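A quick write-up on the structure given underneath.
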Amino acid sequence: MAAPAPEECLDVLTAAGDKTGVSKPRSEVHRDGDYHRAVHVWIYCESTGELLLQRRADCKDSWPGQWDISSAGHISAGDSSLSSARRELQEELGIKLPVDAFELIFVFLQECVINNGTYTNNEYNDVYLVTTLTPIPLEAFTLQESEVSAVRYMHRDEYKSCLAAESGEYVPYDVNGQYGQLFSIIEERYKDNTESRSLTLQKQISRYAPIHLEPELTTLSEGDKEALGYILKASMVIDEIFYEQVWNSNTMLRDWLRAHADSSSLDSLKWAYYSINKSPWSCLDENKAFLSTADSAVKLLTDATKPISGWKGLEYRAAFPLDKPRGANFYPADMNKMEFDLWKSGLTDKEQKDATGFFTVIKRPDALLTTSVVESDGPNQTNTSDDLFIVPYSKEYKASLEKAAELLIKASDCSDCPSLKNLLRTKANAFLSNDYYESDIAWMELDSNIDVTIGPYETYEDGLFSYKATFEAFVGVRDDVATSQVKLFGDQLEDLEKNLPLDNIYKSDNVSAAPIRVMNLLYNSGDVKGPQTIAFNLPNDERIVNERGTSMVMLKNISEAKFKNILKPIANACIREEQKEYVDFEPYYTHIVCHECCHGIGPHSITLPGGKKSTVRMELQECHSALEEAKADIVGLWALNFLINKGLLPKSLSKSMYVSFLAGCFRSIRFGLEEAHGKGQALQFNWLYDKGAFILHSDGKFSIDFTKVEEAVESLGREIMTIQAKGDKPAAQSLLQSRATLTQPLRVALEKIEHMQVPVDIAPIFGTASKLLANN
């Protein structure tokens, strides 16, 4: 006679839902009232408005014989939420679904005592929704007799009424409490509001002013013009990779929306706004979803259940979460920071470096599966399917990177510029090897009429740790005159570092002059979504920053477009009449240059109090991006004042730079406080306002107190850089939580701007690039 299977063990949680590191048998968890995790999976049919219910088996130790969730179960010790949801659905109902069928809609804490006080259920439930187009035939289900005695469909309103009436036939859930979200989410999603949604999308789209970019190519040789065609094609491949990096089903959603854009005016608007954001989350609305799973792609599975004659199979909506995944598609969707840190602590030093590096993704083995589910031999099986592992970009995006590399090699063969040829060849090699060091050096040494930045650089999309870099491309034509005019800033970096408002112990002795290139943008792709980039300072590799410094690229035609279409109207709305004259393109653009320079000074590689070597990025993690943007801004203002006092810049900038900066604050904060630049700008505005440097008048307009602004700027620069130098994450969190908020003065300004319908940003139309691509 076979021995009974050992009892399932569960991870014990704190009351706040964090793992304690202890696991216990299921019966003991419920006996002792320990907090633990489970999954609820609801199957919803959108054509009938019905939810699938299961009747719990009469032998169950909780709520026997009552109607309940489509499928549910505990998350076994060491298992992940998503793999548990898939497993329970297969075991209980015989349905095999891929990960993109499961939408995590909320987390529900259930705390109750039943069975005369012998069964305590303190359970964090991850509630998933699976949306099908039509009902699954009842004969398609394979029921697990020890768990489920029957299934049936029931209209959501009828089921909600039964729960509200506390009918004894149903497992109780408080529809007026947390669990009511299930019904409110579905109701909101499927109500007939086409006109309202269309108006909302039209308003969202109108926040972007369309701008035609058609820089001249007269300075390019014939060889470089031919190379340019291949570079543009490679940049389009980079766009494909970025879509994949944002979220695991993003590319599929994009293709679905594009294919259905002509179906109705609403579908056209959905596609237009999706194209701006490159995801279903609105950049200018704190990443709030403007689409739902009801708008998503339909997929057909012919083998999700046992075969049924005359039934083509299960059609479902590819799901996406209402909240943008903080870890994008760099980590498993259900991985949290604690799990990552625990896993990382067991790695070798090299593996830890790879795990936290720019150019890797973190996966689970079950991510390799599509419609299949890992089979289990029982609850006591040693389960390693949820172990995390590292995949280099060169493998994760292999097909796309090989295609991009081939195009860059062809471009290199065409070009007659030695430094451009070197950049393109080394970048192609980097795509295949995952080692970007040589190509980043080549990028810094680029001296070409075609300016190209292509590869993985910025880490804003990684909201968990700011470890992982997204792919992007910027292609433009160099402006030689403007480049010669800004050389001063790069040459002064060493002197600026020595005089920073920062204790000398934290200053670097090795700051290199930062080359600055000015170009007129021809085309961009990849991580350029929503608000458009006006400048960037690269690379982010601390090795190169320490050895060689950084280089800056300024996109002059983008800056000009933003100043004309956005900053001037904002100044007219928000700046007092007597100071409006100070808002001018020269100080606005000069500060942008200085901002980018100041990314290259201040703390980067640091020594922690115990003597450990680290970097600001590693220590501040998700706080790093916002604080670094704020540092570059505020230290940029300090640096301009320093250079004016040295006689290197005209004194006419001494007032205009502050007023132009104030108008620019309102522009950036409109990007939203979930975005690093917007959050950093709110921090600066509130600090300077609290110090009396910014003044709000009774007419709702603002001005600068020139007697206070210099000291206020210096004090904030010192505060931020000291936090960075110490790697003090708690202090960074405290500063951002207290200052990076939408205060009343900011609301006053934003309401004025909204009333005047000033565009928030621009949407470039790449005319010249389109003509080139059409001819290639």
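The values are calculated or read from the model by the stated rules, or taken from the named source; none is laboratory data. Source: prediction; values computed, not measured. FYI the Cβ positions are ideal-geometry reconstructions off the backbone, even for glycines, and counts take in every protein chain you see. Calculation scope for accessible area: heavy atoms of the full protein, side chains included, ligands and nucleic acids excluded. Shrake-Rupley method; radii C 1.70, N 1.55, O 1.52, S 1.80 Å.
Quick check: from the Cα gyration tensor, does the stretch 618-776 come out rounded (a/c under 1.5), prolate or oblate? Numbers along the way, then the final one.
Numbers: a/c = 1.38, a/b = 1.25, b/c = 1.10.
Since a/c stays below 1.5, the shape of the stretch 618-776 is classed as rounded.
Summing -39500 (n - 2.57) over the DSSP H runs of n ≥ 4 in the chain and dividing by its residue number, what mean residue ellipticity at 222 nm do you reach, to the nearest 500 deg cm²/dmol?
Details: 29 runs with 320 residues, N = 776.
Only helices count here, giving -12500 deg cm²/dmol.
Probe radius 1.4 Å, ligands and nucleic acids ignored: give me the carbon and sulfur share of the accessible area of the stretch 18-74 as a rounded percent. Kindly include the intermediate steps, with their values, before the conclusion.
Values: 860 of 2000 Å².
Carbon with sulfur: 43 percent of the solvent-accessible area.
Put the Cα centre of the stretch 554-610 next to the Cα centre of the stretch 316-349 and the gap is 35 Å. Beta bridges from DSSP with both residues in the chain: antiparallel share about 75 percent, rounded to the nearest 5.
For E187, the accessible area of its heavy atoms, probed at 1.4 Å with every protein chain present, is near 60 square angstrom.
Once Rh is set to the Kirkwood radius over Cα pairs, what Stokes-Einstein translational diffusion coefficient, in µm²/s, holds for the stretch 525-624 at a temperature of 4 °C and a viscosity of 1.567 mPa s? Present the calculation step by step, with values, prior to reporting the outcome.
Details: Rh = 16.3 Å.
In µm²/s, the coefficient rounds to 80.
As a ratio to 2.2 N^0.38 Å, the alpha-carbon radius of gyration for the stretch 600-689 is 1.27.
When peptides 82-89, 315-322 are sorted by average Cβ neighbour count within 10 Å, with the highest value leading, the order is 82-89, 315-322.
Among 458-466, 31-39, 173-181, sorting by the average number of other beta carbon atoms lying within 10 angstrom of each residue, highest first, gives 458-466, 31-39, 173-181.
Listed peptides 326-334, 752-760, 354-362 appear in the order 326-334, 354-362, 752-760 once ranked by packing, highest mean of other Cβ atoms within 10 Å at the front.
For the chain, the Cβ-based charge dipole about the Cα centre amounts to some 1460 debye (Lys, Arg positive; Asp, Glu negative; other atoms uncharged). If you take the Cα centroid of the stretch 1-73 and the Cα centroid of the stretch 752-769, the two points sit 51 Å apart.
Coupling constants for the stretch 40-56 follow from the phi torsions by the Karplus curve (6.51 cos²θ - 1.76 cosθ + 1.60, θ = phi - 60°), and in residue order they are 10, 10, 9, 9, 10, 9, 6, 6, 10, x, 10, 9, 7, 10, 10, 9, 5 Hz; glycine and proline get x.
For A57, nonlocal amide neighbours, meaning residues 5 or more places apart or on other chains whose placed amide H falls under 5 Å from its own, are G65, V148, S149. In this structure S433 has an accessible area near 70 Å², from a 1.4 Å probe over the protein heavy atoms. Here the 3J(HN,Hα) profile of the stretch 516-532, calculated from phi with Karplus coefficients 6.51, -1.76 and 1.60 at θ = phi - 60°, is 10, 10, 10, 9, 9, 5, 9, 6, 9, 7, x, 6, 9, 10, x, x, 8 Hz, Gly and Pro shown as x.
Note on the stretch 9-190: Rg/Rh from C-alpha atoms, Kirkwood Rh, equals 0.94.
Once all protein chains are placed together, V477 keeps about 10 Å² accessible to a 1.4 angstrom probe. Near Y506: Cβ cut-off under 13 Å, other residues only, Lys/Arg at +1 and Asp/Glu at -1. The net charge is 0.
Close amide-amide hydrogen proximity is noted between T360 and Y393, A469, each under 5 Å apart and 5 or more residues distant or on a separate chain (H modeled in the peptide plane; Pro and chain starts excluded).
Distances between placed amide hydrogens fall under 5 Å for D728 paired with no residue 5 or more residues away or on another chain.
This structure gives Rg and Dmax of the Cα atoms in Å, computed directly, and of (i) 26.9, 89; (ii) 28.4, 98; (iii) 28.4, 94 that value is listed as (iii). Each principal axis of the Cα cloud of the stretch 209-320 was evaluated for its coordinate range; sorted largest first, these ranges are 67, 32, 26 Å. Computed from backbone phi with θ = phi - 60° and the Karplus coefficients 6.51, -1.76 and 1.60, the 3J(HN,Hα) list for the stretch 545-561 is 4, 6, 7, 10, x, 10, 10, 10, 10, 10, 9, 5, 5, 6, 4, 4, 5 Hz; x is used for glycine and proline. Determine, at each q value in 0.09 (inverse angstroms), the log₁₀ of I(q)/I(0) that the Debye formula gives when each Cα of the stretch 380-514 is one equal point scatterer. For the requested q values the scattering log ratios are -0.42.
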